[in-house]
Amino acid sequence: MASRVNTSLTLIPKQKYRRRNHRSSRFSNILDPDSQPLSTLGNFKALPLEIFQIILRCLSVKDISVLSMVSKTVSQHVINYISTSSGSKRLLLQEFHNLELPDRRQDCTILEHYRSLGLLFKRCTLLLPTKERLKYIHKILAEVSCFKFNGCVTPLQCFGLPCYGMFLQTLTAGWDELECHRVYNFLCELTNLSRNMQTVVCSKPGNARKLELWVRLFCRNVLLDHWTHRSDSAFWLTCILKPWPMVNQARLLYIIFGPVAPQDGQVVWQKMIEGPADEPSLKGLADAIKLLYDTGTKEWTADDVISLVDELSVVPREWLLENNARLLILSGNSICFTFMASKAMNGRAIELARLIVFLALVCEKELYCMDWAVKMTQKVCKVFSTPVERNNFLQSVANAFAYVIMEMLQSVMSEDHDEDNRSFLNLFHLVHAQANFHKEVLYLTMNTLST
């Protein structure tokens, strides 16, 4: 019995000792500095660095980005390859002015290249702090002159800024707001964007035409146009606008999204003042306003957006009411009603009545349903608190139709007829707008009585 017990007692420590030896040998392999490169480089450890870089040259940009995630060591080798002259020459394509291929297929190809390149930089700099990532990326991209603010002599024929924007969009996709704010501040410091914005918003409209063009191109092509999610676009537009007072926000909005001359791309400041503007001239502004209103960002309340629309309508001077009405229609029902209700609550019923006349005129010209204008008027009537106020407002609408028709008639009679009879046609449309507006009012009234 004793011998058996002794044998069992001597066996147990041996089993423990063997198990401990097995574990310690495994951990020693992991911690051994000589074995570490083998575990991270794998079979690449046997290759000279030059051969490794030759292999990278044979891979696509997407494949290199996948390879960079294998390990920290491989990622560092990829970074070193990017920093070489041959690596940067291969990766930083600069064929931004090649218009030989039809339908801009060349532009689409180079855009996809920079999307892949953004993913490569995103992956190979993953372990770096945001500030260090941005410094490294700037160091690599600094040699591309078309990526710089005011860096290309033919910016309208250049696809450099859109490629830069696609690169940044891919790089920062999924980053939190704090990191994206750092990116925006880094770009502002790098390009003097804030100072350039201050110059264009404080100068007389049109005095700094070239700088206005560059602010527009940089903001649109680099910061705003490549996002698929509206919330991302709203974030970057907020970064651009929010540091400025409301009057400057309206100026910037017009510079970035307002109408431009087709021949030189410069902002047309008199477009909203001199005559009726077409839908393409206002669509960019309307889309930007909807973006701020609909995405529900905490930085923009409904009152903020309505104040911005009100301020925009006097940039650079007071717009024609027809252009105001067209902008509101393009901005959507919610913004249009909120804008009109704000005027009703602030005792500006006469202004509101004239605005309704031009809403009806735009509906008539563009063949929109006139019952929309009538229903919007009916909805605004409910904002007035007493029947007397509602009746006075409806009387103001009827009077506004008469006053505007008389104004246009006097304009037609006092001026020489232009070749396309624009003034007479405007009067013609307004008379039809009044008739169709009142027809829809009668339909609405009769349908209400019949029920």
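Things worth noting here:
- Residues in the stretch 211-255 that are within 14 Å of Leu291 (Cα to Cα), assigned to a helix (DSSP H, G or I) and not charged (D, E, K, R): 12 in all.
- Residue within the stretch 371-386 that is crowded, with 19+ Cβ neighbours inside 10 Å and among the hydroxyl-bearing types (Ser, Thr, Tyr) present: yes
- When Lys290, Lys271, Lys298 are checked against the criterion of being at pLDDT 95 or above and open to solvent by 60 Å² or more (accessible area, probe 1.4 Å), Lys271 stands alone in meeting it.
- When Phe358, Phe401, Phe428 are screened for being in contact with an Asp or Glu (Cβ under 7 Å, 6 or more places away or on another chain) and surrounded by 12 or more Cβ atoms within 10 Å (Cβ to Cβ), only Phe358 passes.
- Restricting Ser281, Ser307, Ser334 to residues that are at pLDDT 95 or above, open to solvent by 60 Å² or more (accessible area, probe 1.4 Å) and not charged (D, E, K, R) narrows the list to Ser334.
- Among all positions in the stretch 208-221, there is at least one residue which is farther than 15 Å from Pro243 by Cα, open to solvent by 30 Å² or more (accessible area, probe 1.4 Å) and in contact with a Gly (Cβ under 6 Å, 6 or more places away or on another chain).
- Matching helices (runs of 4 or more DSSP H) fully within the stretch 1-97 where at least 1 residues are modelled with pLDDT of 50 or more and open to solvent by 100 Å² or more (accessible area, probe 1.4 Å): 49-58, 61-67, 72-83, 85-91
- On inspection, Phe159 fails the criterion of being open to solvent by 20 Å² or more (accessible area, probe 1.4 Å), within 19 Å of the chain's Cα centre (by Cα), at pLDDT 95 or above and not polar (S, T, N, Q).
- When Lys122 is tested against (1) modelled with pLDDT of 90 or more; (2) open to solvent by less than 70 Å² (accessible area, probe 1.4 Å); (3) in a loop (DSSP other than H, G, I, E, B), just one condition goes unmet, and that condition is (3).
- Among the residues of the stretch 125-143, those that are open to solvent by 30 Å² or more (accessible area, probe 1.4 Å), in contact (Cβ under 8 Å) with a residue 24 or more places away in the chain and of a type in the set (A, V, I, L, M) comprise Leu126, Leu127.
- Some residue of the stretch 192-202 being in contact with an Asp or Glu (Cβ under 7 Å, 6 or more places away or on another chain), under 21 Å from Leu285 (Cα atoms) and aliphatic (A, V, I, L, M): yes
- Test: Leu320 is out of contact with any strand residue (DSSP E or B) (no Cβ under 7 Å at 6 or more places or on another chain), crowded, with 19+ Cβ neighbours inside 10 Å and in contact (Cβ under 8 Å) with a residue 12 or more places away in the chain: no
- Checked against (1) farther than 25 Å from Glu311 by Cβ; (2) without any contact (Cβ under 8 Å) to a residue 60 or more places away in the chain; (3) part of a helix (DSSP H, G or I), Leu430 passes all but a single condition, namely (2).
- Any pair with Cβ under 8 angstrom, 6 or more apart, that starts in the stretch 298-316 at a residue that is among the aromatic types (Phe, Trp, Tyr) and ends at one that is open to solvent by 50 Å² or more (accessible area, probe 1.4 Å): Trp300/Tyr293
- Single match in Val441, Val357, Val388, Val404 (criterion: under 23 Å from Ala341 (Cβ atoms) and within 34 Å of the chain's Cα centre (by Cα)): Val357
- Unmet requirement for Leu237, which otherwise passes all of (1) within 23 Å of Leu156 (Cβ to Cβ); (2) open to solvent by 10 Å² or more (accessible area, probe 1.4 Å); (3) aliphatic (A, V, I, L, M): (2)
- Subset tally (residues that are of a type in the set (A, V, I, L, M, F, W, C) and under 24 Å from Pro280 (Cβ atoms)) for the stretch 314-356: 14
Conditions (1) over 27 Å from Ala234 (Cβ atoms); (2) open to solvent by less than 10 Å² (accessible area, probe 1.4 Å); (3) more than 19 Å from the chain's Cα centre (by Cα); (4) not charged (D, E, K, R), marked per residue:
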site	(1), (2), (3), (4)
Ser145	yes, no, yes, yes
Thr154	yes, no, yes, yes
Cys163	no, yes, no, yes
Met166	no, no, no, yes
Leu171	no, yes, no, yes
Gly174	no, no, no, yes
Glu179	no, no, no, no
Cys188	no, no, no, yes
Leu193	no, yes, no, yes
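The values are calculated or read from the model by the stated rules, or taken from the named source; none is laboratory data. These numbers come from a predicted model, not from an experiment. No Cβ is skipped: glycine too gets one built from the backbone with ideal geometry, and neighbour counts run over all protein chains shown. When the accessible area is computed, the model is the full protein with side chains, heavy atoms only, and any ligands, DNA or RNA have been set aside. Shrake-Rupley method; radii C 1.70, N 1.55, O 1.52, S 1.80 Å.
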